[in-house]
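Each value in this text was obtained by applying a stated rule to the coordinates, not by laboratory testing. Not measured: the values here are computed from a predicted model. Because the Cβ atoms are built from the backbone with ideal geometry, glycine has one as well, and the counts that use them run over all protein chains shown.
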Amino acid sequence: MNKEQLKQIFIEEATEIIEQLDIKIIDFEEDPTNKDLLNDLFRGVHTLKGSANSFGFSKLGEFVHHFEDLLDYHRNSDEEIATDRIDLFLDAVDIIKGVFEFEVGNLTELPSGYQDNLDKIQKALNLGDEEDSSEGTLADLSDEFDEDFDIEEQSSKTTTDNQNVNVQNRLEEGESLFLINLHLDTDSYFRGFDHAVFFKILSQVGRILESNWHMNNIPTIQKLNPQECYIQDILIFLATRQSKDDVLEVFEFLEEEEYKIEELNSQEEQKEETPAPIKEKPIVKEAPVQEIKEEKSVEKKQNSEVKKEPPAKPAPTSKPKENSKSKIVKKPHKKEEKRSFVKIDTQKLDELFDSVGELVIAQNFLAENKAIKDIENEQVNKTLETLFKITKLIQNRVMSLRMVPIKDTFDKMKRVIRDASKKVDKKVNLIIQGEDTEIDKTMVDSLSDPLIHIIRNAVDHGLEASDEDRVKAGKNEIGNVTLRAYHKGGNIAIEIGEDGRGINRDKVLSKAIENGIASEDEEYTDQQIYSFIMKPGFSTADKISDISGRGVGLDVVNTGIEKLLGKVEIESKEGEGTKFTILLPLTLAIIDGMLVESADEIFIIPILSIIESFRPSENIVHTVNKKGEFVNLREELLPIIRLNEKLDLNDKKPKPWESTLVCVESEKGKFAILVDELIGRQQVVIKPLGKALSSLKEISGGAIMGNGEIALILNIEELHQ
């Protein structure tokens, strides 16, 4: 694997780390006693720093180097972390994101605020103009660890039986003894790992009693490569009250062959039996084990980041206020069960998915083949039935490969709530439900922008202007924004609701008439009026703020959701709040559709848009001059769209009461599509249109049917203008 390939791997892994940083900071703000969250945050930043320097991302490495110092101080301190320090953490993450784009994209300008934020971090650490500790003399490693941990010059017989007995005799009550055998690859520095960091973390897990270092592979100074690790084998005796899983977690970023951990005995076992000598396990026979202090200069040459002086105590910060501006309702933190994963290029998954789509089409060929249908053989029918079941199973399994929990997307909204609530000076709770609901991976990235705009709108417009207004309305001064995901039929539903003042129906209608998107002569349902707020440029805000009021937010929502073949529904009640519901298909590759026939052609209407289908009686069909045909469905007049006329298929005019009407709902409201016949419901694989048909707004895609014919998928939003 060449350096360019390694660089791409680093970019992918760094992207994952950076995306999780602000989420972990928000989680820590809500649970400041949980040091595991802070340690996890530190490990991510440390990995980012080491790898960034290895690949020449110097500006990124410089910034995260100082940010790591700040995190390192706080994770080793019992000092309470104030709100302004959390703000500094989050601002630092924003800079890291910008610098990462600067490095990867080879941009010419650093993100604004880079130096200012760096100065704030240095000021917090009281570094001032002091020389970077990484450029100073390498600190004595023994200063980093427990006072009982001594590094002495020893011979190859260090691991004798007497030594092992001595180590066991030094165990305290409740401690277990672990033998850790580290075998680091020569590229460990290149990957951002070094010995000092592992020793430092281990000293926090327990007490390092002894360590044996294999030093005979170190070359002369003339041949030494600072990017290569020469001290590869280290034997460590660790005494700890933690479990083996906690010890294993220290090395979770290493390859499995790079470390081995053995629990020699626990304190309980010592009580029952006399400690037996541990069998000698030298790493390399006759390898001299020298005093570590003699190797400082060599190790510094290998990695200038091996060990830095402990960061100075940051300047004191103000105590956090009792009532924070935003609050996240979440489950208590618990360690997730470790699972193994394999990284696969998404393009390969897409190719696999396309192949399964072809398999489904081939299965439909068999199902529709007249010659096969005519075979009256029970064995053949059973074989075909088994084939169909297996095909369906494969399809579901492959579809599940593209499904990911929506949790990561929801977690990103915590930062949005925090920032928005601080800007408008409101106290807000974010309540998250259904974060384990799975959604197609291709939709995840496209969902972030719509959710951000709706949540900002909820905080700024939805909730009352002040705490006093909420109290006067008989509500708690802290507003609630709820983010919920769940399955609804064959679709995914995402709800964003708040318990604010609700939408002023009359004000929205008046503004819509003023903007020319509604008519005074028309009567509109509540749903139609609420949909006006998603028109381009529409806003009822009395003043423009940093986060809303420009009339672009909800228009972006509508456009983004339509691209995902979904729709947005709005419910509101004045004085009680508003709820946006985003309905999405399970996947963008396969949809549930209703097959209909018009002018001897087959079309597909997405099930998501259909309310019902019916054959009307003659007395409920009406014709209005200059406005066309309408059907009175339960006291609601719905316009009739003749599909054959709309698509210029033929000039026939079948009578509506002799045809079938499919009632659908679009952004513009409900209407009825007149078709000759309903064929049935079917899952179809979506195929993109070619350039020749891409200009047809009424058609959104195509699908290959079981008989080999092509059926076009209707774009409901464009059928009724």
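I need LEU248, LEU264, LEU714 ordered by Cβ neighbour count within 10 Å, fewest first. All intermediate terms of the calculation are to be shown ahead of the outcome.
Working: LEU248 14, LEU264 18, LEU714 26.
Lowest to highest Cβ neighbour count: LEU248, LEU264, LEU714.
Sort out for me the Cα centre separation of the stretch 1-70 from the stretch 697-721, rounded to whole Å. Cα centroid of the stretch 1-70 versus Cα centroid of the stretch 697-721: 46 Å apart. Net charge in the neighbourhood of LYS389 (other residues with Cβ under 15 Å of its Cβ; Lys, Arg +1, Asp, Glu -1) is +2.
Calculate the FRET efficiency for ASN76 and SER519 from the Cβ-Cβ distance with a Förster distance of 60 Å, rounded to the nearest 0.05.
Working: r = 68 Å, r/R0 = 1.13.
FRET efficiency, ASN76 to SER519: 0.35.
Modelled label positions at ASP651 and GLU4, each set 7 Å beyond Cα in the direction of Cβ, lie 6.3 nm from each other. Distant-in-sequence amide contacts of TYR259, defined by a placed amide H-H separation under 5 Å and a gap of 5 or more residues or a different chain, comprise HIS183. The per residue volume of the convex hull around the alpha-carbon atoms of the stretch 346-401 is 55 Å³. Per-residue extension of 0.36 nm, minus the Cα-Cα distance of ILE620 and LEU90, leaves a gain of 184.7 nm for this segment. On the beta carbon distance between LEU393 and GLU571, with R0 = 45 Å, the FRET formula returns roughly 0.70. With contacts taken as Cα pairs under 8 Å at a separation of at least 6 residues, the stretch 404-584 carries a relative contact order of 25 percent.
Centre-to-centre, using Cα atoms only, the stretch 417-495 and the stretch 556-634 are separated by 26 Å. Put in order of Cβ neighbour count within 10 Å, fewest first, the listed residues LEU60, LEU678 become LEU678, LEU60.
Net charge near HIS183, counting Lys/Arg +1 and Asp/Glu -1 over other residues with Cβ under 9 Å of its Cβ? Each step should come with its number before you reach the end.
Numbers: positive: LYS260; negative: ASP185, ASP233, GLU257, GLU258.
Residues close to HIS183 contribute a combined charge of -3.
Which residues does a label at THR581 reach in the stretch 458-483, if reach means a backbone N under 17 Å from a point 7 Å past the Cα toward the Cβ? Residues 482-483 qualify, since their backbone N sits under 17 Å from the label point. Spin-label model, ASN169/GLN115: points 7 Å from Cα along the beta carbon direction are separated by 6.2 nm.
Summing charges over all other residues whose Cβ lies under 13 Å from the Cβ of LEU110, with Lys and Arg as +1 and Asp and Glu as -1, gives -4.
Using the 10 angstrom Cβ neighbour count as an exposure proxy, how do MET403, MET534, MET443 rank, fewest first?
Numbers: MET403 16, MET534 19, MET443 24.
Sorted ascending by nearby Cβ count, the order is MET403, MET534, MET443.
Each Lys and Arg contributes +1 and each Asp and Glu -1, all at the Cβ; summed about the Cα centre of the stretch 452-533, the dipole is approximately 400 debye.
3J(HN,Hα) couplings calculated from phi for the stretch 12-23 with the Karplus curve 6.51 cos²θ - 1.76 cosθ + 1.60 (θ = phi - 60°) are, in sequence order, 5, 5, 5, 4, 4, 5, 5, 5, 8, 4, 5, 5 Hz; Gly and Pro show x.
Here the peptides 668-675, 109-116 are ranked by packing, the mean other Cβ count within 10 Å, and the order with the highest first is 668-675, 109-116.
Computed from phi, the 3J(HN,Hα) profile of the stretch 455-460 under the Karplus parametrisation 6.51, -1.76, 1.60 (θ = phi - 60°) reads 5, 4, 5, 5, 5, 7 Hz, with x in place of Gly and Pro.
Please give the length that would be gained between ALA473 and SER355 if that part of the chain were fully extended, namely 0.36 nm times their separation in residues minus their C-alpha to C-alpha distance (nm, one decimal).
Going from the current span to full extension adds 36.7 nm.
With 20 Å as the limit on Cα-Cα distance, the pairs of LYS567/LYS670; LYS475/LYS573; LYS123/LYS423 that go past it are LYS123/LYS423. Between GLU13 and GLU698, the contour length at 0.36 nm per residue exceeds the alpha carbon distance by 242.4 nm. Here the translational diffusion coefficient of the stretch 578-692 follows from Stokes-Einstein with Rh set to the Kirkwood radius across Cα pairs; for 4 °C and 1.567 mPa s it amounts to 83 µm²/s. Residue by residue, the stretch 617-622 carries 3J(HN,Hα) couplings of 7, 5, 6, 9, 9, 10 Hz when phi is fed to the Karplus relation 6.51 cos²θ - 1.76 cosθ + 1.60 (θ = phi - 60°); x denotes Gly or Pro.
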